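Read through the structure below, which is laid out as structure tokens, and then see the notes.
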């Protein structure tokens with residue numbers, strides 16, 4: 001929760017036309033998810049290592065087969081290119097945490113480079129009149145598509161590689177050659193493998209959905225744990241969840257990413273389960289020692305959520321939602337965009353909702369005053385672009401409507417509890 005103000009900074013306005021750009025990004029994000037499947041941190045890290053290991057393995061094996069594989073230098077060069085752009089993808093994943101962008105670029109480069117190398121090798125084989133078992137590599141591509149993509153993406157990926165192999169065979173191998181004569185049988189075989197991969201992709205997608213639902217339920221239970229310790233937390237958790245989701249959508253994140261941040265926001269203070277009541281519920285200002293104890297809740301939340309890689313967003317938010325844009329926050333003093341985006345989004349929602357809520361140490365602020373305070377903190381405590389985006393939501397009436405919905409839901413719950 002937000003307590004201490006920071007120095008005044010000017011507000012920032014977003015560029016004109018950003019709304020249309022956000023909608024376009026949302027559409028692209030939705031299409032990307034439908035084709036590529038989930039882009040979680042763990043999966044993207046595995047992709048980085050898988051791509052590098054496969055490239056190294058092929059570079060090691062291909063020269064041994066050079067006498068039976070015309071065009072093998074192109075394969076070695078392609079593997080070198082793969083390793084080169086995999087470094088860039090690794091930067092997006094590990095340093096910038098741009099998982100969807102890393103997935104899209106990695107997949108695009110994989111397709112271009114691998115198809116180009118395969119096409120060249122088949123061309124050289126046809127020109128030399130050489131047959132090889134290189135066609136078995138296409139099975140690997142098809143199977144990988146079924147394992148890592150969403151069902152629709154697995155279908156597209158399979159169809160793409162089958163069509164590519166058929167086109168290369170018909171273009172480069174003459175009628176009557178063994179390689180071309182075996183094309184129908186190989187296409188049937190590819191189709192059967194592709195069907196199996198598609199079934200596997202569907203089952204993996206269903207399991208991911210069930211796991212995501214279980215994770216949301218787990219975060220809900222963790223949020224109730226915080227609420228049981230802090231009697232003020234119930235309304236705040238709902239407010240921060242709704243405001244975080246609206247802000248995430250407004251800056252161009254997909255609905256899935258916005259939902260993940262919203263659920264993560266519910267456990268941003270889960271580490272407070274370890275804070276003694278004498279500190280957590282103290283009505284007056286905290287002493288320096290008490291404040292150090294309170295600050296430890298970010299580390300405790302990180303430790304609790306770090307056990308499960310599926311809680312990556314929640315872990316980021318729990319650890320870094322008290323970091324400041326100017327680097328003066330805690331626990332790590334991260335500045336600017338070094339603070340994960342999810343934590344920056346939740347920080348804006350957290351400050352606003354904390355200001356408009358009653359606390360043991362203060363009365364609720366008027367909504368207009370809370371917005372003015374957000375703008376005062378832009379560039380010091382908070383990400384200025386996110387504060388500007390929150391202001392746009394305010395001007396559009398979205399924040400007011402969210403507050404009305406929250407108030408109505410809480411009133412209904414009180415009535416049900418009293419009945």
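The values are calculated or read from the model by the stated rules, or taken from the named source; none is laboratory data. Here the structure is a predicted model, which is why all the values come from computation and not from measurement. All Cβ positions, glycine included, derive from the backbone under ideal geometry; neighbour counts span all protein chains shown.
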*Of 62, 75, 104, which residue is surrounded by 14 or more Cβ atoms within 10 Å (Cβ to Cβ) and either over 19 Å from residue 136 (Cβ atoms) or touching a residue at least 60 places away in the same chain (Cβ under 8 Å) (or both)?*
104
*Could you tell me whether residue 388 is in a helix (DSSP H, G or I) and exposed (fewer than 13 other Cβ atoms within 10 Å of the Cβ)?*
no
*asked:* Between a residue in the stretch 373-402 that is at positive phi and any residue that is surrounded by fewer than 19 Cβ atoms within 10 Å (Cβ to Cβ) and modelled with pLDDT of 95 or more, which pairs come within a Cβ distance under 9 Å, given they are 6 or more apart or on different chains?
replied: 379/326
*asked:* Quick check on my filter: what residues within the stretch 198-223 are surrounded by 14 or more Cβ atoms within 10 Å (Cβ to Cβ) and at pLDDT 80 or above?
replied: 198, 200, 202
*Kindly indicate which of 137, 143, 156, 130 is in the same structural domain as residue 47 (by TED's automatic domain parsing), outside any helix (DSSP H, G or I) and in contact with a helix residue (DSSP H, G or I) (Cβ under 8 Å, 6 or more places away or on another chain).*
130
*asked:* Regarding the stretch 124-139, can at least one residue be identified that is modelled with pLDDT of 80 or more, over 25 Å from residue 55 (Cβ atoms) and buried (at least 18 other Cβ atoms within 10 Å of the Cβ)?
replied: yes
*Only listed residue being closer than 30 Å to residue 94 by Cα and touching a residue at least 60 places away in the same chain (Cβ under 8 Å), chosen from 343, 349, 354, 318*: 349
*asked:* Going residue by residue through the stretch 239-251, is there one that turns out to be over 21 Å from residue 370 (Cβ atoms), surrounded by fewer than 24 Cβ atoms within 10 Å (Cβ to Cβ) and in contact with a helix residue (DSSP H, G or I) (Cβ under 9 Å, 6 or more places away or on another chain)?
replied: no
*Considering (1) over 25 Å from residue 42 (Cα atoms); (2) modelled with pLDDT of 90 or more, say which one residue 118 fails and leave the rest.*
(2)
_Pairs with Cβ under 8 Å, 6+ apart, first in the stretch 265-277 and surrounded by fewer than 23 Cβ atoms within 10 Å (Cβ to Cβ), second modelled with pLDDT of 85 or more and assigned to a loop (DSSP other than H, G, I, E, B)_ = 274/296; 275/296
*In the stretch 141-179, how many residues are under 30 Å from residue 47 (Cβ atoms), surrounded by fewer than 15 Cβ atoms within 10 Å (Cβ to Cβ) and without any contact (Cβ under 8 Å) to a residue 24 or more places away in the chain?*
2
*asked:* Can you go through 370, 347, 396 and tell me which one is modelled with pLDDT of 90 or more, in the same structural domain as residue 237 (by TED's automatic domain parsing) and within 26 Å of the chain's Cα centre (by Cα)?
replied: 347
*Do the conditions hold for residue 47, that is, is it closer than 30 Å to residue 172 by Cβ, modelled with pLDDT of 85 or more and assigned to a helix (DSSP H, G or I)?*
no
